[in-house]
Amino acid sequence: MLLSLSGTNQDAQVSFEAVGDSESGDGGVEHGALLSRLCEAIFEEDGKQLASLKDDVIEAAGADVLIDAVAVSANFYMMTRIADSTGTPLDAGTVEPSAEIRELVGVNTFTSRREAQA
Amino acid sequence: MAAYSTELPIRVDLDEAHTEIAARWAATGSWWSGLERLAIVEEVRRARDSAEIAPWESPSEIAGLVSDGHVLPEAAIDAIWRVTNHPGTLTAEWHASILGRGVHAEAYVELVAVVAQANAVDRFADALNLDRVELPEPSVSEPAKTSGVSLQVTSHWVPTAKIKGPNVLKALSAVPFENESLSLLSSVQYVRLGDLLSDLVSNQNSLSRLQVELIAARTSKLNECFY
């Protein structure tokens, strides 16, 4: 949702390919596919794959970007747990505008969907 | 003292924030003592480092996983493991079952906050092959175990205070100290929460806001979080 709003505010052509998976391109975001793959490797905790991707990010964008990207991804291990553990509902006014995005990204099968919309 | 010893160019504000968060874990909470709060963090680490158990299995029911005389009640330990390893499977019924086993509704909020913070801080260290943040000595004073704010169960499973902002920021409002910790971590690892919706274009350190939101969305999807 904020990716869409941020893109609109910057007149950027953002798509949601890199959110859904890392095989579909950058989605209009610089290094989008690479950052998406980094997120997957952090999630899967595959040491070899993660080491390789960290090298790729440093080579493509620098060590600062690697550290900041890992920090943002790690932050969402906090935010998702807070939302899912407290029954946080979707914010008023976001259900309808984000419906198409949620369908595109493929999150409608999650258990947390039913809880967030309860 | 620095949180991390590494040649990687970790920002000073990020390193200092993780040191401060560890100190806050060791502080006396509203509902849990410093000793108990550090035990929550240690249990998050055990949950992450152990062979994964299925969502429907509880560590308290598996022989050898929970030591006799543990400082935390079994319901709290079961909640810590489930929130850490299977957050996308949580339901209102599960939440009610944890409260039904004796965990106070506001103590649950504080527990969730510490669990969530520990997942963020440790995930950062693990992904960069850093030693996890060292845990300080716990505060020895006892928690007051009283509500400091007026609360109601309305929009969330948990009691919340009337505060402005997105629902995810309201989630921890029963324990203001934990909302401060959330704000501290978010400001160095994501965006300053006050700027969440008001500034959607500024770069965040070395990342563009688009890159930040892509990483946020991709990670949320991997964790199967619909919110």
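The values are calculated or read from the model by the stated rules, or taken from the named source; none is laboratory data. Quantities reported herein were computed from a predicted structural model and do not represent experimental measurements. Cβ coordinates were reconstructed from backbone atoms using ideal geometry, including for glycine residues, and neighbour counts include every protein chain displayed.
Determine, yes or no, whether A:SER15 is hydroxyl-bearing (Ser, Thr, Tyr), at pLDDT 90 or above and touching a Gly at 6+ places or on another chain (Cβ under 9 Å). Judged against the criteria, A:SER15 is not a match.
Among the candidates A:SER85, A:SER52, A:SER73, single out the residue that is hydroxyl-bearing (Ser, Thr, Tyr), assigned to a helix (DSSP H, G or I) and surrounded by fewer than 22 Cβ atoms within 10 Å (Cβ to Cβ).
On the way: A:SER85 fails: surrounded by fewer than 22 Cβ atoms within 10 Å (Cβ to Cβ); A:SER73 fails: surrounded by fewer than 22 Cβ atoms within 10 Å (Cβ to Cβ).
Answer to the selection: A:SER52.
Among the conditions (1) under 16 Å from the mean Cα position of the chain (by Cα); (2) closer than 20 Å to B:ALA120 by Cα, the only one that B:ALA174 does not satisfy is (2).
On the given criteria, is B:SER50 in contact with a helix residue (DSSP H, G or I) (Cβ under 9 Å, 6 or more places away or on another chain), free of Cβ contacts under 8 Å to residues at least 40 places away in the same chain and farther than 19 Å from B:TRP157 by Cβ?
Numbers: in contact with a helix residue (DSSP H, G or I) (Cβ under 9 Å, 6 or more places away or on another chain): yes; free of Cβ contacts under 8 Å to residues at least 40 places away in the same chain: yes; farther than 19 Å from B:TRP157 by Cβ: yes.
It is true that B:SER50 is in contact with a helix residue (DSSP H, G or I) (Cβ under 9 Å, 6 or more places away or on another chain), free of Cβ contacts under 8 Å to residues at least 40 places away in the same chain and farther than 19 Å from B:TRP157 by Cβ.
Tell me the residue from B:ILE98, B:ILE80, B:ILE40 that is touching a residue at least 60 places away in the same chain (Cβ under 8 Å) and among the aliphatic types (A, V, I, L, M), please. Give the steps one after another, and end with the answer.
Numbers: B:ILE98 fails: touching a residue at least 60 places away in the same chain (Cβ under 8 Å); B:ILE80 fails: touching a residue at least 60 places away in the same chain (Cβ under 8 Å).
Testing whether each residue is touching a residue at least 60 places away in the same chain (Cβ under 8 Å) and among the aliphatic types (A, V, I, L, M) leaves just B:ILE40.
Across the stretch B:193-227, the number of residues qualifying as under 19 Å from the mean Cα position of the chain (by Cα) and more than 7 Å from chain A (Cβ to nearest Cβ) comes to 1. On inspection, B:ALA63 does not qualify as surrounded by fewer than 18 Cβ atoms within 10 Å (Cβ to Cβ), within 14 Å of another protein chain (Cβ to nearest Cβ) and more than 18 Å from B:ALA116 (Cβ to Cβ). Annotation for the stretch B:95-103: at least one member residue is buried (at least 18 other Cβ atoms within 10 Å of the Cβ) and within 10 Å of chain A (Cβ to nearest Cβ).
Among all positions in the stretch B:131-138, there is no residue which is more than 9 Å from chain A (Cβ to nearest Cβ), buried (at least 16 other Cβ atoms within 10 Å of the Cβ) and more than 19 Å from the chain's Cα centre (by Cα).
Exactly one residue out of B:ALA107, B:ALA92, B:ALA113 is surrounded by fewer than 16 Cβ atoms within 10 Å (Cβ to Cβ) and either under 17 Å from B:GLY34 (Cα atoms) or touching an Asp or Glu at 6+ places or on another chain (Cβ under 8 Å) (or both), and it is B:ALA92. Provide a single number: the residues in the stretch B:83-124 that are out of contact with any helix residue (DSSP H, G or I) (no Cβ under 8 Å at 6 or more places or on another chain) and over 28 Å from B:GLY148 (Cβ atoms). Residues meeting the conditions: 2. May I ask you to verify whether B:ARG46 is within 16 Å of the chain's Cα centre (by Cα), among the basic types (Lys, Arg) and surrounded by fewer than 18 Cβ atoms within 10 Å (Cβ to Cβ)? It is true that B:ARG46 is within 16 Å of the chain's Cα centre (by Cα), among the basic types (Lys, Arg) and surrounded by fewer than 18 Cβ atoms within 10 Å (Cβ to Cβ).
Filtering the stretch B:104-127 to residues that are within 12 Å of another protein chain (Cβ to nearest Cβ) and over 22 Å from A:CYS39 (Cα atoms) leaves B:ALA105, B:GLU106, B:TYR108, B:VAL109, B:GLU110, B:LEU111, B:VAL112, B:ALA113, B:VAL114. Residue by residue through the stretch B:72-89, note down the ones that are crowded, with 19+ Cβ neighbours inside 10 Å and among the hydroxyl-bearing types (Ser, Thr, Tyr). Matches in the stretch B:72-89: B:THR84 only.
With the structure loaded, tell me whether A:VAL57 is in a helix (DSSP H, G or I) and modelled with pLDDT of 95 or more or whether it fails that test. So that I can check it myself, show each step before the final result.
Values: in a helix (DSSP H, G or I): yes; modelled with pLDDT of 95 or more: yes.
Criteria met by A:VAL57.
Hey, any hits in the stretch B:147-168 for a residue that's within 21 Å of B:LEU35 (Cα to Cα), more than 10 Å from every other protein chain (Cβ to nearest Cβ) and touching a helix residue (DSSP H, G or I) at 6+ places or on another chain (Cβ under 9 Å)? Give the derivation first.
The first filter runs over the stretch B:147-168 and keeps only residues within 21 Å of B:LEU35 (Cα to Cα), leaving B:147.
Subset that is more than 10 Å from every other protein chain (Cβ to nearest Cβ): B:147.
Remaining after also requiring touching a helix residue (DSSP H, G or I) at 6+ places or on another chain (Cβ under 9 Å): B:147.
Yes, the stretch B:147-168 contains at least one residue that is within 21 Å of B:LEU35 (Cα to Cα), more than 10 Å from every other protein chain (Cβ to nearest Cβ) and touching a helix residue (DSSP H, G or I) at 6+ places or on another chain (Cβ under 9 Å).
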